[in-house]
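S.K.: Below is one structure. I have some questions about it.
The values are calculated or read from the model by the stated rules, or taken from the named source; none is laboratory data. Values in this document were obtained by computation on a predicted structure and should not be read as measured data. As a convention, Cβ positions derive from the backbone with ideal geometry for all residues, glycine included, and neighbour counts pool all protein chains shown. Heavy atoms of the whole protein, side chains included, go into the accessibility calculation; ligands, DNA and RNA do not. Shrake-Rupley method; radii C 1.70, N 1.55, O 1.52, S 1.80 Å.
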Amino acid sequence: MNTASDRMKGKKYFLDGNLPASIKSFTMALEKEPGSPEVLLGRGAAYLKLGRFDKAVQDLSIVLDGGGDCERAFFLRGIAYLNDNEFEQSLADLNRALGYNEKRGAAILARGLVLSCIGLHKEAEKDFTNSYVLDNIVIDEFLEEYAISEVLFNQAMALFKVDPEKWRLLLTEDEMAKMEITNY
């Protein structure tokens, strides 16, 4: 089996919720193509969703050390650090991700959660609001980011006691899995 096939299997397993199989497929792809940023990003996202934050940080750090997709790696590593209560590292990574794309709604929302966790509630509320002020926020990423963004969205909704009748998270039909946050 070739690397692309293992990579695609890893993504499919991820979307199906079979994270151990996803990690195994991504690991097999890495055996054939060591250090592949795309594969490491996929495996890092699977580790993240599985709750293996240390492993996620490890894979995503390799991507960053190699100059891979830094925006996405900083975002995902920031989420891993957030979930591991490493708030300073999380804030630094999310700010770096936003340095690449200041309109990245999921990163703004995640940064708001970090700010809230460290007691900066006014700044957190500003980020939470700003993540929705941008019209038709669209993130052109793979489906795993949508799954992670959905968790963040739900955490923020609960944290700020937002009326779920006013906001929703949508997954478009586009194969590239664009995620939109819209006010309807």
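S.K.: How do the helices (runs of 4 or more DSSP H) wholly within segment 1-93 filter down when requiring 2 or more residues that are over 17 Å from ALA106 (Cβ atoms): which remain? Spell out the reasoning first.
M.R.: Values: elements: 3-16, 19-32, 37-50, 53-65, 70-83.
Those helices (runs of 4 or more DSSP H) span 3-16, 19-32, 37-50, 53-65.
S.K.: Still on this structure, I have one more. With the requirement that a residue be in contact (Cβ under 8 Å) with a residue 12 or more places away in the chain and surrounded by fewer than 20 Cβ atoms within 10 Å (Cβ to Cβ), what does segment 68-87 give you?
M.R.: If the condition is that a residue be in contact (Cβ under 8 Å) with a residue 12 or more places away in the chain and surrounded by fewer than 20 Cβ atoms within 10 Å (Cβ to Cβ), then GLY68, ASP69, CYS70, GLU71, ASN83, ASP84, ASN85, PHE87 are the ones that fit.
S.K.: Restricting the first residue to segment 19-30 and requiring it to be in contact (Cβ under 8 Å) with a residue 12 or more places away in the chain, which pairs with a second residue that is surrounded by fewer than 24 Cβ atoms within 10 Å (Cβ to Cβ) and hydrophobic (A, V, I, L, M, F, W, C) meet a Cβ separation below 6 Å and a spacing of at least six or different chains?
M.R.: LEU19/LEU50
S.K.: Would you mind finding the one in SER61, SER22, SER36, SER5 that is open to solvent by 20 Å² or more (accessible area, probe 1.4 Å), more than 24 Å from ALA124 (Cα to Cα) and either at pLDDT 90 or above or under 13 Å from the mean Cα position of the chain (by Cα) (or both)?
M.R.: Going through SER61, SER22, SER36, SER5 in turn, the sole match is SER61.
S.K.: Oh, and also: Enumerate the pairs (first residue in segment 1-17 and under 11 Å from ALA46 (Cβ atoms); second residue anywhere and at pLDDT below 85 and surrounded by fewer than 18 Cβ atoms within 10 Å (Cβ to Cβ)) with beta-carbon separation below 6 Å, excluding pairs fewer than 6 apart on the same chain, so at least 6 apart or on different chains.
M.R.: Once the first residue is under 11 Å from ALA46 (Cβ atoms) and sits in segment 1-17, its partners that are at pLDDT below 85 and surrounded by fewer than 18 Cβ atoms within 10 Å (Cβ to Cβ) give LEU15/LEU143.
S.K.: Here is a further query. Please count how many residues of segment 88-129 are of a type in the set (Val, Ile, Thr) and open to solvent by less than 20 Å² (accessible area, probe 1.4 Å).
M.R.: Number satisfying all stated conditions: 2.
S.K.: Let me ask you something else. Quick one: in segment 67-99, of everything that is under 19 Å from ALA46 (Cβ atoms) and more than 14 Å from the chain's Cα centre (by Cα), which residue is modelled with the lowest pLDDT?
M.R.: If we take residues in segment 67-99 being under 19 Å from ALA46 (Cβ atoms) and more than 14 Å from the chain's Cα centre (by Cα), then GLY68 is modelled with the lowest pLDDT.
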